[in-house]
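Got a structure here, written out as structure tokens. Questions coming.
The values are calculated or read from the model by the stated rules, or taken from the named source; none is laboratory data. Small disclaimer: the values here were computed from a predicted structure and weren't measured. As a convention, Cβ positions derive from the backbone with ideal geometry for all residues, glycine included, and neighbour counts pool all protein chains shown.
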């Protein structure tokens, strides 16, 4: 079969090109600034338009191709079926919507009602003295250490976040020229943050970060208390005995620490044993905290 002849095109006329497809009109976007540049060819966001096919217009409200900031579909109110058909389902959806609203209101009300409680410091009526050395009770130690320290060290801090009183003094036996032991007391009144979690971590776990120390909880003083002790005098002429009682009562913490060295004692007598010192610390800490309450 012969092919019908085609009409020749004029020599000076270029070949016909496919008709250009209409561009997709710009869509509204949640991004408030103009797009700095179009997505590069081959990128994840580039959406090619096939030649010879009409451009597919996305449905209204759907994210626009090539624009990562395009607005997501908007969701309207939950439709509630009419009472005429499927009454049980309609009531279930209605009660779900009402329940969600009530729960949201109750949650918000709880936040407002309870939010202020954690902001007030639980100071239990304590006051922070300007001179801790003259305010603290350490009378249990005075039978062993009869000489009074003539120049103890004391400091005080007053701030909106913390009040602190500190005392450090030397304990001397009768006739001693130098200190035979040392005693320190610190009262901290935390007015902005609850010291409870850090206090527990520091003292209950003291043996984890300080080797060869014994840690024992103490009942009957404050909300929680821990006794930390160490005795290195066994079989040695240069060991030491150390004991600290740490107490937390509300947002107030109190520590009382004792330390003694064999090298400071007379050759014929050792420092008091740890169990004796521990009893002194408990007695005097309880008395001091009682005196510092308004």
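Show me the strands (runs of 3 or more DSSP E) found entirely inside region 138-224 where at least 2 residues are over 18 Å from residue 244 (Cβ atoms).
153-158, 162-171, 181-190
For residue 201, indicate whether it is modelled with pLDDT of 95 or more and closer than 19 Å to residue 129 by Cα.
Answer is no for this residue.
Tell me which of these residue 235 doesn't satisfy, since it passes every other one: (1) surrounded by 19 or more Cβ atoms within 10 Å (Cβ to Cβ); (2) farther than 23 Å from residue 139 by Cα; (3) more than 36 Å from the chain's Cα centre (by Cα).
Here residue 235 meets the rest and fails (1).
Would you mind telling me which numbered condition in (1) buried (at least 18 other Cβ atoms within 10 Å of the Cβ); (2) at pLDDT 95 or above; (3) touching a helix residue (DSSP H, G or I) at 6+ places or on another chain (Cβ under 9 Å) residue 272 fails?
(2)
Residue pairs, Cβ under 7 Å, 6 or more apart or interchain, first in region 113-138 and on the phi > 0 side of the Ramachandran plot and surrounded by 15 or more Cβ atoms within 10 Å (Cβ to Cβ), second in a loop (DSSP other than H, G, I, E, B) and at pLDDT 90 or above. List them.
124/250
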